[in-house]
Amino acid sequence: MRKGVQLIYSEVADTYELVNHVLTFGFDIRWRKLGAQIAAKKTGHKILDVCCGTGEMALSLSKAAAENAEIYLVDFSFPMLDKARQRKYDSYTSFILAEANKLPYKDSTFDLITISFAIRNLNTRKDILFAFLEEFYRVLKPGGTFINVETSQPSSIALKKVFHFYIKTFVRPVGSLISGSSSGYRYLAHTIPRFYSADELSFILKSVGFSQVDYINKFGGIAAIHEAVK
Ligand SMILES: C[S@@+](CC[C@H](N)C(=O)[O-])C[C@H]1O[C@@H](n2cnc3c(N)ncnc32)[C@H](O)[C@@H]1O
C-alpha cells in the first residue's frame, strides 16, 4: 500500500491544499497553526516535520519558532515536497525525499518532531504504525517533543456518526471533483473512520516509550493534537 499512498499524493499534489480547506471549512489551517504554536513553546531549534506534504505545517512552524530554528522537511512524494520547496519560510529549511520509517538521520538528532494529518496514512495497523513511531522516537533527542496533529474520533456517539457520515458522503466526491483522483480520495476517506481515538493513540505513544503524553481535542474530538516527550 505504501507505493499506492505515494502515487496518490503525487497525483493530488496540485489540488491537495484546496481539497483540505474546502472539506474542513479551513479548520485544518487553524489546527496546524495551533500545533505549530504548541511546538514553538518547546526548547531547542532543530525541528523535523515528517510527512511534510506541501509544507503548510513547516510554514506555520517557521512563523512561530525561534529565529535560529532549522526545519527539516521530509516526504516520500516528490511532487508534494516540490510544492513545499516553493514556499518562502522565515527559518532555515532543508527538503529531504525519504521514507518516514527510514529517516536518514542519526539517533537523537532533533529537539522537536512534528507530523500533521499524516500519521493515519502511515498505517492504521498497530504493528506498522509502531515501527514508524519508533523511528521518530529514535531520531528525537532525549527530552525532545513529538507533536501530532490528526483527525481523531469524537467521544460523543452522535457526533461520531455525523462525522463518519460526512466523511463517507463528501470526501470522495469533493476530493475527486477538485483533484480528478477518485481512487485517491476513496482511500483517504477510508482511513479516517478507522483511525484511533485520542486515548488509544496516547496509549500507543506510551507503548513506544514516550512519556508526558497529552492531547487536546478540537471540535469534540474530530481532530486531536497530541504531544509526547522522549
Ligand atoms: C495527508 S498529507 C499531510 C501533509 C502535511 N503534513 C499537511 O499537514 O497537510 C500526508 C503526506 O505524508 C506523506 N507520506 C505518507 N506516507 C509516507 C511515508 N511512508 N514516508 C514519507 N512520507 C509519507 C505523503 O506523501 C503526503 O505528502
- Query: Could you name the aspartates and glutamates in cross-link range of Lys168, using Cα to Cα under 19 Å and dropping any fewer than eight places away on the same chain?
  - Reply: Asp28, Glu150
- Message: Report, in listed order, any pair from Lys33/Lys141; Lys41/Lys63; Lys33/Lys206; Lys33/Lys218 with a Cα-Cα distance greater than 22 Å.
- Response: Lys33/Lys141; Lys33/Lys206
- Residues with amide H under 5 Å from that of Gly144, placed H, sequence gap 5 or more: Lys230
- Total formal charge among the other residues, if their Cβ is under 13 angstrom from that of Pro79, Lys/Arg +1 and Asp/Glu -1: -3
- Message: With equal scatterers on the alpha carbons only and no solvent term, can you work out the Debye log10 of I(q)/I(0) for region 79-121 at 0.19, 0.28 1/Å?
- Response: -0.83, -1.40
- Excluding Leu205 itself, calculate the net charge of residues whose Cβ lies under 13 Å from the Cβ of Leu205, where each Lys or Arg counts +1 and each Asp or Glu counts -1. -3
- Within the set of other residues whose C-beta is less than 15 Å from the C-beta of Thr15, count the net charge using Lys and Arg as +1 and Asp and Glu as -1. -4
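Values in this text are rule-based calculations from the coordinates and carry no lab data. Everything numeric in this text was worked out from a predicted model, so none of it was measured. Glycine gets a Cβ as well: all are built from the backbone with ideal geometry, and neighbour counts include every protein chain shown.
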